[in-house]
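Only one structure is covered here, and it is reproduced in the block below.
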Amino acid sequence: MNQISPRPSTFWPPVTHAPRTSIAEERLHRKQRLAATFRLFGHYGFDQGLAGHVTVRDPEFHDRFWINPLGQHFRTIRVSDLHLVDIDGNVLHGDRAINQAGFTIHSAIHRARPDAVAAAHTHSTYGKAWSALGRPLDPISQDAAAFYEDQVIFDPYSGVVLQEAEGRRLVEALGDRKLAILKNHGLLTVGPTIEAAAWWYITADNAAHTQLLAEAAGTPQPMDHATAQLTRSQVGTQEGGAYNFHPLWEWITAAEPDLLD
């Protein structure tokens, strides 16, 4: 006989982990998820040469953040490979160079957005393709609706972001949103946790891919305003980002446990 399961009391399932009771534990948590993010991004094909950078703010020194070293493939990054840099560009931990454009972008974000614990930017194929259109993502799917009225177009493209003024211009355009579509460049996501920033990047690139396919096949029919707003409130939260990242974390750490070294 079929049985109906009781309705859950919460929309999101519980993610169990030991509570972090010290700064050292929180730092390790963030660094482990950052290293896992690079491995996942490598699996998704978001790597391209020297391009791409993800950062997470240090939990003790808020003017410092952890970043990938320049020239190391995402699929090889371990916790021990991560570099610590301060807001002025001094490498405090690590012995390799870092991506200058990455520093310019991320230092501006971490300086201007106290809520921004993490930020992610790569030259993913679908993100670049969509950015060339200079348009926001439409709410044509549940996943895309996570960014409804929570995205911005950064326009115009003016070359590699190496100048501090250009970093400030990007941050001013971003405001308090979680997604920036950098015209002729790619995608950038910002989150209050590394899990949220990483998941939103994966989702945004997938949404770009989906809309490119839908528009190639015909004329997509987006959700109405009220439905898109409701859906964003259901799937576009930081809790949603953390919960969606969790199964990816479990998979990548089981498949590639060396990332935790």
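The table for this structure:
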item	result
Looking only at segment 170-184, and only at residues there that are in a loop (DSSP other than H, G, I, E, B) and within 15 Å of residue 108 (Cβ to Cβ), the one that is least open to solvent (accessible area, probe 1.4 Å)	175
Residue under evaluation residue 236, criteria (1) closer than 18 Å to residue 43 by Cα; (2) open to solvent by less than 40 Å² (accessible area, probe 1.4 Å); (3) in contact with an Asp or Glu (Cβ under 8 Å, 6 or more places away or on another chain), criterion not met	(1)
Residue list for segment 43-60, restricted to those being assigned to a loop (DSSP other than H, G, I, E, B) and out of contact with any Gly (no Cβ under 7 Å at 6 or more places or on another chain)	44, 45, 47, 49, 52, 58, 59, 60
Tabulated pairs, segment 170-193, first of a type in the set (Gly, Ala, Ser), second in a loop (DSSP other than H, G, I, E, B), C-beta under 6 angstrom, 6+ apart or interchain	186/123
Segment 120-169: number of residues that are open to solvent by less than 30 Å² (accessible area, probe 1.4 Å), assigned to a helix (DSSP H, G or I) and either at positive phi or modelled with pLDDT of 95 or more (or both)	7
Residue satisfying all of: in segment 8-35; among the small types (Gly, Ala, Ser) and in contact with a helix residue (DSSP H, G or I) (Cβ under 9 Å, 6 or more places away or on another chain); modelled with the highest pLDDT among these	35
Neighbours by Cβ (under 6 Å, 6+ apart or cross-chain): first from segment 227-241, modelled with pLDDT under 95; second acidic (Asp, Glu)	241/195
Some residue of segment 61-81 being open to solvent by 10 Å² or more (accessible area, probe 1.4 Å), out of contact with any helix residue (DSSP H, G or I) (no Cβ under 9 Å at 6 or more places or on another chain), under 20 Å from residue 192 (Cα atoms) and outside any strand (DSSP E or B)	yes
Condition check for residue 253: surrounded by fewer than 18 Cβ atoms within 10 Å (Cβ to Cβ) and more than 28 Å from residue 101 (Cα to Cα)	yes
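The values are calculated or read from the model by the stated rules, or taken from the named source; none is laboratory data. Here the structure is a predicted model, which is why all the values come from computation and not from measurement. Every residue, glycine among them, receives a Cβ derived from its backbone with ideal geometry; neighbour counts consider all protein chains shown. Heads up: the accessible areas ignore ligands, DNA and RNA and are worked out on the full protein's heavy atoms, side chains in. Shrake-Rupley method; radii C 1.70, N 1.55, O 1.52, S 1.80 Å.
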